[in-house]
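Trainee: Take this structure, written in structure tokens, and hold onto it; I'll ask about it next.
The values are calculated or read from the model by the stated rules, or taken from the named source; none is laboratory data. The model shown is predicted, which means the values in this text are computed figures rather than measured ones. Counting neighbours? That spans all protein chains shown, and the Cβs are built from the backbone with ideal geometry, glycine included.
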Amino acid sequence: MNPVEFIIRCHEETKHHFHRYARSAGELDWANQPDPFRVYAGAPRVTLPPATTDRSPAYESLFSAESSAAAPVALETISVFLECALGLSAWKSFKGSRWALRCNPSSGNLHPTEGYVVLGAISGLHDRPAVYHYLPAEHALERRGELPEDGGRALMEGLSAGAFLVGLTSIAWREAWKYGERALRYCQHDVGHAIGALRFSAASLGWRLHVLEAASDEDVETLLGLDATPWPRDVDREHADLLAVIDPSGRRIVDGAGKFGLEGHALKPGRAMWAGTPNVLSREALRWELVYAVAEAWRKPRGAPATLDPQGISAPREHAQDEACVAASAARPVRTSREIIRTRRSAVAFDGVATLPVEQFFLMMHRLLPDPRRPPWDALGPPTAIHLALFVHRVTGLTPGLYALVRDPADRAALASSMRPDFAWTAPPGCPGGFPLYFLLEGDARRAATAVSCRQFIAGAGVFSLGMIARFRDTLERLGAWAYRRLFWEAGLVGQALYLEAEAAGLRGTGIGCYFDDAVHDVFGLTGDAWQSMYHFTVGGPVEDARLTTEPAYPRRAADLP
């Protein structure tokens, strides 16, 4: 079986159904839960300096066509960047149990994603280009290896002064411990959230970030030392996800094959120069064979196409804000980007009564359109493959029912012809002209939203919820099996944008990875594998759990800023 057909078969096997869930352990062995923090024992460590003031621009200004003034690349700004992207935002505790929250959300708060940076010589850090692992628990960098001088030059040739790379990897066992064979879905959702978290953090410093889709998995493994690391066990291994470039000049970055010195020989640090021994994550480990078979099948080879054949595929459009969106943005309380980023939380319950003005809803939807001028969409190039199937409950000024946001206009006809023939496909009243939001069917969608989201009440108690519908088989056949990961990245990126938009609107969001896949398709009339639901999300008025105690993310900081 070729890799694409194998991936499609595995996607079918890992679906949840009303009569059965995807295979998992069935119960949680809490004593064996994997450690959420990777540590490389013996690697030189530098604790990053705490930020004592919030100089970040207003959150709403991040979407302006004019970029904020770029901060210099220094130890202090690297510290802020990593904290607001992958660092801790708080600690929670209850009856002797204590757990960390992070700026990048994660399925089940299990955090399979590990972050790395490849930096030039930085005063206070190291006098040579090197590869570092980020340790969020300590807000520190562990130096894993130095780059050879010629390799470092080749890597960053053509970029502005101070540019650096970020790498992401995943540890599947952290998710498989709880979710079994569905684990890789959640790992890749989290990668998408992390891309968004990295991009918004970079934007708050006036920097740009772009995923290097020309990089293969082998490139990532070579640069980050994954291929030379003595993993304690196979389940403790980190799998390559991606590399991204940060350019502090603020100019638009274009990824091209052969650029950034991605040839393996230029990236290889000198022999025996990798430092640190990775920790064992749990006492025992179950090896989910399907998980590791999929991880092998979707590996991205060198020379894999990074985008679809442009014939018949539209490029991302620039979406100008109309007067209503500008007014809705101005109506929000002025909060800094760092405050929004660090106070973001995943709601665990909604009050079932909160509402959202239609103007704010339109603004949220506008910011989910893949505009290449604005974060986070400039981080990930075309194609756009994710569209939104919406269950609208309590948006004032909008009829309750089913809606669709078609994020690539080229897919509108194909999506409409694939859905139920009784759908209206009309513009909602007051919707900005030309905006690709469509009213489909009137009705109380709360029970349907709850039912298809694994009967989770939170999906029906919010102001709206949604399923992320992907152009599925076509994307995989054109790009290859590796693009299965990319579909989840795009879905996670949508989720991260929604998380911050919900916070800015005075609400909360929650990503929902547990849903009955084919039941979602049934609601909207989708059949076959041309379109598939990849992720769910819901937004509403949060109910806070007063039993929990909140503690600062990093107690050593004199004033734990929002």
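Trainee: Scan the range 513-553 for residues that are buried (at least 18 other Cβ atoms within 10 Å of the Cβ), without any contact (Cβ under 8 Å) to a residue 24 or more places away in the chain and more than 22 Å from G192 (Cβ to Cβ) and jot them down.
Mentor: The answer is none; no residue qualifies.
Trainee: Just to check your reading of the model, which residue among A304, A285 is at pLDDT 75 or above, buried (at least 16 other Cβ atoms within 10 Å of the Cβ), out of contact with any Cys (no Cβ under 9 Å at 6 or more places or on another chain) and not assigned by TED's automatic domain parsing to the domain that holds R143?
Mentor: So the residue among A304, A285 that is at pLDDT 75 or above, buried (at least 16 other Cβ atoms within 10 Å of the Cβ), out of contact with any Cys (no Cβ under 9 Å at 6 or more places or on another chain) and not assigned by TED's automatic domain parsing to the domain that holds R143 is A304.
Trainee: Quick check on this structure: which one of L184, L135 is among the hydrophobic types (A, V, I, L, M, F, W, C), closer than 18 Å to T47 by Cα and buried (at least 21 other Cβ atoms within 10 Å of the Cβ)?
Mentor: Testing whether each residue is among the hydrophobic types (A, V, I, L, M, F, W, C), closer than 18 Å to T47 by Cα and buried (at least 21 other Cβ atoms within 10 Å of the Cβ) leaves just L135.
Trainee: Exactly one condition in (1) among the aliphatic types (A, V, I, L, M); (2) under 22 Å from W231 (Cβ atoms); (3) surrounded by fewer than 24 Cβ atoms within 10 Å (Cβ to Cβ) is not met by L165; state its number.
Mentor: (2)
Trainee: Can I ask one more? Can you confirm whether the range 74-82 contains a residue that is loosely packed, with under 14 Cβ neighbours inside 10 Å and in a loop (DSSP other than H, G, I, E, B)? It would help to see each step written out before you state the result.
Mentor: Filtering the range 74-82 down to residues loosely packed, with under 14 Cβ neighbours inside 10 Å leaves none.
No, the conditions are met nowhere in the range 74-82.
Trainee: Given the conditions (1) assigned to a loop (DSSP other than H, G, I, E, B); (2) within 28 Å of R102 (Cα to Cα); (3) among the polar types (S, T, N, Q), and given that T399 satisfies all but one, which numbered condition is not satisfied?
Mentor: With (1) assigned to a loop (DSSP other than H, G, I, E, B); (2) within 28 Å of R102 (Cα to Cα); (3) among the polar types (S, T, N, Q) applied to T399, the lone miss is (2).
Trainee: List, please: which pairs have Cβ atoms under 8 Å, are six or more places apart or on different chains, and start with a residue in the range 37-66 that is within 24 Å of S282 (Cα to Cα) and end with one that is surrounded by fewer than 17 Cβ atoms within 10 Å (Cβ to Cβ) and among the β-branched types (V, I, T)?
Mentor: Listed pairs, sorted by first residue: Y40/T277; A41/T277; G42/T277.
Trainee: Moving on to the next point. May I ask you to list the residues in the range 346-388 that are basic (K, R) and either at pLDDT 95 or above or in a strand (DSSP E or B) (or both)?
Mentor: Applying the first criterion (basic (K, R)) to the range 346-388 yields 367, 373-374.
Of everything in the range 346-388, just one residue is basic (K, R) and either at pLDDT 95 or above or in a strand (DSSP E or B) (or both), namely R367.
Trainee: If a residue must be free of Cβ contacts under 8 Å to residues at least 40 places away in the same chain and either over 25 Å from the mean Cα position of the chain (by Cα) or part of a strand (DSSP E or B) (or both), how many such residues does the range 3-28 contain?
Mentor: 5
Trainee: If I ask for residues that are in a strand (DSSP E or B), hydroxyl-bearing (S, T, Y) and farther than 21 Å from T169 by Cβ, which ones from the range 83-129 would you list?
Mentor: Matches in the range 83-129: S89, S93, S97.
Trainee: Just checking, which of R547, R508 is over 22 Å from A385 (Cα atoms), in contact with a helix residue (DSSP H, G or I) (Cβ under 7 Å, 6 or more places away or on another chain) and not assigned by TED's automatic domain parsing to the domain that holds C187?
Mentor: Testing whether each residue is over 22 Å from A385 (Cα atoms), in contact with a helix residue (DSSP H, G or I) (Cβ under 7 Å, 6 or more places away or on another chain) and not assigned by TED's automatic domain parsing to the domain that holds C187 leaves just R508.
Trainee: Being outside any helix (DSSP H, G or I), outside the structural domain of E175 (by TED's automatic domain parsing) and not acidic (D, E) is the requirement here; does R55 meet it?
Mentor: Numbers: outside any helix (DSSP H, G or I): yes; outside the structural domain of E175 (by TED's automatic domain parsing): no; not acidic (D, E): yes.
In short, no.
Trainee: Out of (1) assigned to a helix (DSSP H, G or I); (2) touching a helix residue (DSSP H, G or I) at 6+ places or on another chain (Cβ under 7 Å); (3) among the small types (G, A, S), what's the single condition that is false for G180?
Mentor: The number of the failed condition is (2).
Trainee: Starting from residues that are in a helix (DSSP H, G or I) and under 21 Å from T450 (Cα atoms), keep the ones in the range 466-509 and report whichever is farthest from the chain's Cα centre (by Cα).
Mentor: Ranking the qualifying residues of the range 466-509, first place goes to A502.
Trainee: Quick one: which of E218, E142 is surrounded by fewer than 20 Cβ atoms within 10 Å (Cβ to Cβ), over 19 Å from the mean Cα position of the chain (by Cα) and not assigned by TED's automatic domain parsing to the domain that holds L500?
Mentor: When all the criteria are applied, what remains is E218.
Trainee: Only one of these is at pLDDT 95 or above and touching a Cys at 6+ places or on another chain (Cβ under 9 Å): H536, H521. Name it.
Mentor: H536
Trainee: State all residues of the range 410-439 that are assigned to a strand (DSSP E or B) and either without any contact (Cβ under 8 Å) to a residue 24 or more places away in the chain or closer than 13 Å to R471 by Cα (or both); if no residue qualifies, say none.
Mentor: Within the range 410-439, T426 is the sole residue that qualifies.
Trainee: Report yes if A449 is small (G, A, S), assigned to a loop (DSSP other than H, G, I, E, B) and either free of Cβ contacts under 8 Å to residues at least 24 places away in the same chain or buried (at least 21 other Cβ atoms within 10 Å of the Cβ) (or both), otherwise no. Even if it seems obvious, please write down each step before you answer.
Mentor: Details: small (G, A, S): yes; assigned to a loop (DSSP other than H, G, I, E, B): no; either free of Cβ contacts under 8 Å to residues at least 24 places away in the same chain or buried (at least 21 other Cβ atoms within 10 Å of the Cβ) (or both): yes.
No; evaluated as a whole, the condition is false for this residue.
Trainee: Just to be sure before I move on: is S249 modelled with pLDDT under 90 and not assigned by TED's automatic domain parsing to the domain that holds D408 in the structure I sent? Full working, then the answer.
Mentor: Details: modelled with pLDDT under 90: yes; not assigned by TED's automatic domain parsing to the domain that holds D408: yes.
So S249 fits the description; yes.
Trainee: A further question on this structure: Going by the conditions given, is P50 of a type outside the set (S, T, Y), surrounded by 15 or more Cβ atoms within 10 Å (Cβ to Cβ) and at pLDDT below 95?
Mentor: In short, yes.
Trainee: In addition: Of everything in the range 192-227, what is touching a helix residue (DSSP H, G or I) at 6+ places or on another chain (Cβ under 6 Å) and among the basic types (K, R)? Give them in sequence order.
Mentor: R199
Trainee: Looking at the structure I just gave you, is R412 basic (K, R) and either surrounded by 18 or more Cβ atoms within 10 Å (Cβ to Cβ) or closer than 30 Å to G541 by Cα (or both)?
Mentor: Taking the combined requirement at face value, the residue does not satisfy it.
Trainee: Residues to consider are Y186, Y179; find the one that is more than 18 Å from Y132 (Cβ to Cβ) and under 18 Å from the mean Cα position of the chain (by Cα).
Mentor: Y186
Trainee: Within the range 366-382, how many residues turn out to be buried (at least 23 other Cβ atoms within 10 Å of the Cβ) and in contact with a Pro (Cβ under 9 Å, 6 or more places away or on another chain)?
Mentor: Final tally of qualifying residues: 4.
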